[in-house]
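Right, one structure below, let's go through it.
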């Protein structure tokens, strides 16, 4: 094998390169009025994005720049503008200010545009992607994805512990889509007679599109644990554990709720705080 | 760092406004029953901590304060 490679290694190149008057290796020229438009959406508190760029100036200098943009983790859109040096954009990378940030928690959009906030015209898209603390994205070649594509951020949420006699209700936050993986809670019934049926409703804020039923009713003076999920088949009650069945891939968008609706709920019945697992995307 | 709890003064529900993963939690009071048309009957003075945005998508505060909330 070594004998076959040796002639190849010794051959002279058939291509030569210029040493003078080399054209810039970039199709993006930044004018004196162009600005870097940085848009961020995040569910993580006290964090933001850092952007690093290299620009080849008209006099041949490669000038690196570093920009930081901190914004609230409220899932709303946050925009800022950075002035740039005139020249050819050679490269750009985007990361987070602090770790950890996982896929699904922060979405960034990096563009070239002109104007003054909030009236900015965008001319060139460089990055539209989830920004994480362990994998930089950048241009070239650019990363362009919908915030709803690919996998989201898997998280466990401890919800509101309702007062006695009050149902559980968890709302999907602003700019967010959930895929419900599992929903877990406990119901302690009072001594008042009656069979409770602890159903799980998924609505859009008004209309209920998905309704899950437990394995059995729950009588008075009992403590039952409920686990709703896409289990396929509904087993019988095991001790005090009730398995509730949901369809696979239950999605909840902003304004939607996951909530119990309990037949014969007494004022003395008491739900625990639900603990639930969702896969979460930011809706940009 | 220990997580702090908050209590809604509208429904008396108790919750963690910041979750263990550092993500904000947005409490909204549960419905109190069903309307005759089958839609959820919302609590009068309902608190809803989900955010509202203006025409530019900027956070301009929570949807409804209700009776407020208190840190525990």
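The values are calculated or read from the model by the stated rules, or taken from the named source; none is laboratory data. It should be emphasised that the depicted structure is a prediction, and the values quoted were computed from it without experimental measurement. Neighbour counts run over all protein chains shown; Cβ positions are idealised from the backbone, glycine included.
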Self-check item: Leading residue by the ranking (farthest from the chain's Cα centre (by Cα)) among those in region A:133-176 that are crowded, with 16+ Cβ neighbours inside 10 Å and away from chain B (no Cβ under 14 Å)
Solution: A:139
Quiz item: Is there a residue in region A:162-173 that is outside any strand (DSSP E or B), touching a strand residue (DSSP E or B) at 6+ places or on another chain (Cβ under 7 Å) and more than 24 Å from residue B:50 (Cβ to Cβ)?
Solution: yes
Quiz prompt | Unmet criterion (only one of (1) closer than 21 Å to residue A:273 by Cβ; (2) not in a loop (DSSP other than H, G, I, E, B)) for residue A:138 | solution = (1)
Quiz item: So residue A:192 fits all but one of (1) more than 28 Å from residue A:42 (Cα to Cα); (2) at pLDDT 95 or above; (3) surrounded by 15 or more Cβ atoms within 10 Å (Cβ to Cβ); what number is the exception?
Solution: (3)
Practice problem: For residue A:108, indicate whether it is more than 14 Å from chain B (Cβ to nearest Cβ), within 17 Å of residue B:57 (Cα to Cα) and in contact (Cβ under 8 Å) with a residue 60 or more places away in the chain. | Solution: yes
Quiz item: Is it fair to say residue A:229 is within 18 Å of residue A:180 (Cβ to Cβ) and within 14 Å of chain B (Cβ to nearest Cβ)?
Solution: no
Exercise. Specify the residue that is nearest to the chain's Cα centre (by Cα); the eligible residues are those in region A:97-111 that are in a loop (DSSP other than H, G, I, E, B) and crowded, with 24+ Cβ neighbours inside 10 Å.
Key: A:105
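Matching residues to (1) within 14 Å of chain B (Cβ to nearest Cβ); (2) surrounded by fewer than 14 Cβ atoms within 10 Å (Cβ to Cβ); (3) more than 23 Å from residue A:125 (Cα to Cα):
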{"position": "A:11", "(1), (2), (3)": "no, yes, yes"}
{"position": "A:14", "(1), (2), (3)": "no, yes, yes"}
{"position": "A:32", "(1), (2), (3)": "no, yes, no"}
{"position": "A:49", "(1), (2), (3)": "no, no, no"}
{"position": "A:52", "(1), (2), (3)": "no, no, no"}
{"position": "A:71", "(1), (2), (3)": "yes, no, no"}
{"position": "A:78", "(1), (2), (3)": "yes, no, no"}
{"position": "A:89", "(1), (2), (3)": "no, no, no"}
{"position": "A:95", "(1), (2), (3)": "no, no, no"}
Quiz item: From the residues in region B:7-18 that are more than 8 Å from every other protein chain (Cβ to nearest Cβ) and buried (at least 18 other Cβ atoms within 10 Å of the Cβ), which one is nearest to residue A:71 (Cα to Cα)?
Solution: B:7
Quiz item: In region B:19-68, how many are buried (at least 16 other Cβ atoms within 10 Å of the Cβ), assigned to a strand (DSSP E or B) and over 9 Å from the mean Cα position of the chain (by Cα)?
Solution: 6
Quiz item: Of A:88, A:69, which residue is over 16 Å from the mean Cα position of the chain (by Cα) and farther than 13 Å from residue A:37 by Cβ?
Solution: A:88
